[in-house]
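Read-outs: derived from the displayed coordinates by stated rules, not from any lab. These numbers were taken from a predicted model, which means no experiment stands behind them. A quick note on method: Cβ atoms are made from the backbone with ideal geometry, for glycine too, and the neighbour counts reach across all protein chains shown.
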Amino acid sequence: DTGVSQNPRHKITKRGQNVTFRCDPISEHNRLYWYRQTLGQGPEFLTYFQNEAQLEKSRLLSDRFSAERPKGSFSTLEIQRTEQGDSAMYLCASSSRPYEEAFFGQGTRLTVV
Amino acid sequence: DAKTTQPNSMESNEEEPVHLPCNHSTISGTDYIHWYRQLPSQGPEYVIHGLTSNVNNRMASLAIAEDRKSSTLILHRATLRDAAVYYCILLDNDMRFGAGTRLTVKP
């Protein structure tokens with residue numbers, strides 16, 4: 001087990017294109033979180049899953065942003081019609097149970113040109 | 001809408017203890033207090049967590065006030081590798097980060 005894996009590590013896309021990121025949590029971790037982080041800021045909560053159920057999502061995760069976790073294993077985060085303001089690091093984390101320590105991936109850095 | 005308040009920055013000398021404070025006056029009975037740190041160009045890393053009692057692990061100690069409205073992360077001997085942004089988080093289902101405290105360690 002190599003920890004939380006995120007792919008791709010880097011993505012450059014043109015404005016208006018759709019992008020999808022993947023997160024593979026640690027095996028048997030039921031909880032999975034998505035965050036967005038811009039330079040100098042703390043991670044901004046996007047959404048979290050308990051198994052395959054999406055239990056909470058921020059107001060950001062509407063309209064152009066969507067996340068899924070089919071079968072409660074890996075998760076995908078899709079951004080449609082990307083904008084320059086979407087440029088950020090997208091982080092994924094998983095934990096075995098609520099309230100337990102979460103393990104973060106290295107993130108996917110998105111650059112929208 | 002972070003529920004914790006931390007100083008923006010702190011400095012410490014190498015080999016000395018560091019006390020990082022966090023205020024969480026609106027904490028509820030079911031909120032766990034978690035601390036994470038983030039080194040440059042890396043994802044956040046778990047440090048420690050607790051509910052009511054003080055906690056110790058190999059990385060740090062967590063001192064929780066009796067009324068649970070504040071807590072302190074203690075690094076017993078700061079090293080240059082401890083320079084990072086430290087986040088105090090109240091965990092009740094979701095996990096939301098604030099701005100954190102940027103710790104600088106001077107040699």
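Points to keep in mind about this one:
- Peptide B:28-38 shows a mean partner chain C-beta count of 2 within 10 Å per residue C-beta.
- Extension reserve of the B:N23-B:D94 stretch, reckoned as 0.36 nm per residue once the Cα distance is removed: 23.7 nm
- Cα gyration tensor shape for the protein assembly as shown, rounded if a/c is under 1.5, else prolate or oblate: prolate
- Distance between the 7 Å Cα→Cβ label points at A:L55 and B:M59: 2.2 nm.
- Amide H partners (placed H, <5 Å) of B:N93, local residues excluded: A:Y99
- Note on chain A: GNM, Cα springs under 10 Å; of A:K71, A:K57, A:K11, the largest mean-square fluctuation is that of A:K71.
- The rule of thumb for compact globular proteins, 2.2 N^0.38 Å, goes into the C-alpha radius of gyration of the range A:28-113 1.06 times.
- Cα centroid of the range A:52-93 to Cα centroid of the range B:66-85, whole Å: 32
- Taking packing as the residue-averaged number of other Cβ atoms within 10 angstrom, the listed peptides A:28-38, B:10-20 run from highest to lowest as A:28-38, B:10-20.
- With the simple spin-label model, which puts each label point 7 Å out from Cα in the Cβ direction, the B:T30 to A:R81 separation comes to 3.8 nm.
- Taking amide H atoms as placed 1.01 Å from N in the peptide plane, the amide H of B:E14 lies under 5 Å from those of B:K106, each 5 or more residues away in sequence or on another chain.
- Paramagnetic label zone (point 7 Å from Cα along Cα-to-C-beta, A:H10; backbone N under 15 Å) in the range A:20-42: none
- Each residue of the range A:63-70 is assigned a 3J(HN,Hα), and the resulting list reads 6, 8, 9, 8, 10, 9, 9, x Hz, derived from the Karplus form 6.51 cos²θ - 1.76 cosθ + 1.60 (θ = phi - 60°), x at Gly and Pro.
- Computed as a quarter of the hull surface, the mean projected area of the alpha carbon convex hull for chain B stands at 6.4 nm².
- Other protein chain Cβ atoms within 10 Å, averaged over every residue that makes up B:95-101: 5
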